[in-house]
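Scroll down for the structure; my scribbles are underneath it.
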Amino acid sequence: MNKAAIIYWSGTGNTEAMAQAVLEGAQGAGADAKLFTVSEISVDDALGYDVVALGCPAMGDEVLEEGDMEPFFSDMEPKLGGKKIALFGSYDWGDGEWMREWERRVNAAGAKLFQTEGLIVHNEPDEEALKLCKEFGRDMVSF
């Protein structure tokens, strides 16, 4: 059974809702999956899981949240070689640049990125978006 950590930062609750749905999908697929806010888990503990899903909305000029998620990811980045990573998040405006940059960083660190693109949702996830998040969680635990 795969162990999966779903780690997120959310300011408005949109990415948190996505994280909950990713968790449901992973658990529904039989994974031993746990949900954490980024401040509830250390990088080393996170890397002890078979699959790590990271969720963060686009902030400011399409960047990761700078108070918690960016420092956490920066600490994790040099340790990602060979790790299975999935990315998700929400945004209000822009074209997804923050996610493309995050994907580039994961790939450059030598991780195995689930899907070629992270899962992004515009604003509050609706029923269809939450369904996609559950499918994302289900599929990420078997990649």
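Residue pairs whose Cβ atoms lie under 6 Å apart, sitting 6 or more positions apart in sequence or on different chains, and linking a residue in the range 26-42 that is farther than 15 Å from residue 73 by Cβ to a partner that is of a type in the set (S, T, N, Q) and part of a helix (DSSP H, G or I), are 33/27. Any residue in the range 113-128 that is surrounded by 20 or more Cβ atoms within 10 Å (Cβ to Cβ), part of a helix (DSSP H, G or I) and either among the β-branched types (Val, Ile, Thr) or touching a helix residue (DSSP H, G or I) at 6+ places or on another chain (Cβ under 9 Å) (or both)? For the range 113-128, residues surrounded by 20 or more Cβ atoms within 10 Å (Cβ to Cβ), part of a helix (DSSP H, G or I) and either among the β-branched types (Val, Ile, Thr) or touching a helix residue (DSSP H, G or I) at 6+ places or on another chain (Cβ under 9 Å) (or both): absent. Taking residues in the range 123-136 that are under 19 Å from residue 57 (Cβ atoms), and partners anywhere that are assigned to a loop (DSSP other than H, G, I, E, B) and open to solvent by less than 60 Å² (accessible area, probe 1.4 Å), the pairs with Cβ atoms closer than 7 Å and at least 6 places apart or on different chains are 133/125.
Residue by residue, here is whether (1) on the phi < 0 side of the Ramachandran plot; (2) of a type outside the set (Gly, Ala, Ser); (3) touching a helix residue (DSSP H, G or I) at 6+ places or on another chain (Cβ under 7 Å) holds:
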{"residue": "9", "(1), (2), (3)": "yes, yes, yes"}
{"residue": "21", "(1), (2), (3)": "yes, no, yes"}
{"residue": "30", "(1), (2), (3)": "no, no, no"}
{"residue": "38", "(1), (2), (3)": "yes, yes, yes"}
{"residue": "53", "(1), (2), (3)": "yes, no, yes"}
{"residue": "65", "(1), (2), (3)": "yes, yes, no"}
{"residue": "70", "(1), (2), (3)": "yes, yes, no"}
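The values are calculated or read from the model by the stated rules, or taken from the named source; none is laboratory data. Owing to the predicted nature of the structure, the values given are computational and were not obtained by experimental measurement. Reconstructed Cβ throughout: ideal geometry from the backbone, glycine too, with neighbour counts over all protein chains shown. Surface areas here come from the heavy atoms of the whole protein model, side chains and all, with no ligands, DNA or RNA. Shrake-Rupley method; radii C 1.70, N 1.55, O 1.52, S 1.80 Å.
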